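**Q** Mind having a look at this structure? Questions to follow.
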Amino acid sequence: MENINLILDIVLLGMATWMTSIVTGYGGFIGRAFNLIGWGVIVLGIAHLAETVMFRAIGVDTEAVEFFHRLIILIGFVLIIKGFKLFIKKE
């Protein structure tokens, strides 16, 4: 099951990178908003991959892995929220 999780994490990160590459051509505040949202999605993908790697390769304690996973997820959501906020108000 660990191998399947690793493969799914890599696919997830690849799709997040692909999504970000699709929206990089937009300019102005819409382009900045899409870029922030895209980077937020990439950070979410990295969080899942980091969780799998910390469990599998490094052997970090379960509680520490869960804490760092949630911390990285929080950073990703902050980027996504800031991106959506740019649609509402130019900063």
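**Q** If I go through the stretch 31-58 residue by residue, how many of them are without any contact (Cβ under 8 Å) to a residue 12 or more places away in the chain and small (Gly, Ala, Ser)?
**A** Qualifying residue count for the region: 2.
**Q** So, in the stretch 13-70, how many residues would count as being at positive phi and not in a helix (DSSP H, G or I)? Before you say what the answer is, go through the steps one by one.
**A** In the first step, residues of the stretch 13-70 are kept if they are at positive phi; the result is 28, 59.
Next, only the ones that are not in a helix (DSSP H, G or I) stay: 59.
The qualifying residues number 1.
**Q** In the stretch 1-41, how many are more than 18 Å from the chain's Cα centre (by Cα), aromatic (Phe, Trp, Tyr) and open to solvent by 70 Å² or more (accessible area, probe 1.4 Å)?
**A** So the count comes out to 1.
**Q** Of all the residues that make up the stretch 54-91, how many are open to solvent by less than 60 Å² (accessible area, probe 1.4 Å) and among the aliphatic types (A, V, I, L, M)? Step through it out loud before you land on a result.
**A** Restricting attention to the stretch 54-91, the residues satisfying the condition of being open to solvent by less than 60 Å² (accessible area, probe 1.4 Å) are 54, 59-60, 64-66, 69, 72-73, 76, 79-80, 83, 86.
Those left that are additionally among the aliphatic types (A, V, I, L, M): 54, 60, 64-65, 72-73, 79-80, 86.
Going through the stretch 54-91 one residue at a time, the tally reaches 9.
**Q** Give the residue, chosen from ALA64, ALA50, that is at pLDDT below 90, under 30 Å from GLY31 (Cα atoms) and not aromatic (Phe, Trp, Tyr). Can you show your working first?
**A** Details: ALA64 fails: under 30 Å from GLY31 (Cα atoms).
Step by step, each of ALA64, ALA50 is checked, and only ALA50 is at pLDDT below 90, under 30 Å from GLY31 (Cα atoms) and not aromatic (Phe, Trp, Tyr).
**Q** Any residue in the stretch 7-30 that's more than 26 Å from GLU51 (Cα to Cα): show its pairings with residues that are charged (D, E, K, R) and open to solvent by 70 Å² or more (accessible area, probe 1.4 Å) at Cβ separation under 7 Å, as long as the two are six or more apart or on different chains.
**A** PHE29/LYS90
The values are calculated or read from the model by the stated rules, or taken from the named source; none is laboratory data. This structure is a prediction, so every number in the text was calculated from the model and none was measured. Cβ coordinates were reconstructed from backbone atoms using ideal geometry, including for glycine residues, and neighbour counts include every protein chain displayed. With ligands, DNA and RNA removed, areas are computed over all heavy atoms of the protein, side chains included. Shrake-Rupley method; radii C 1.70, N 1.55, O 1.52, S 1.80 Å.
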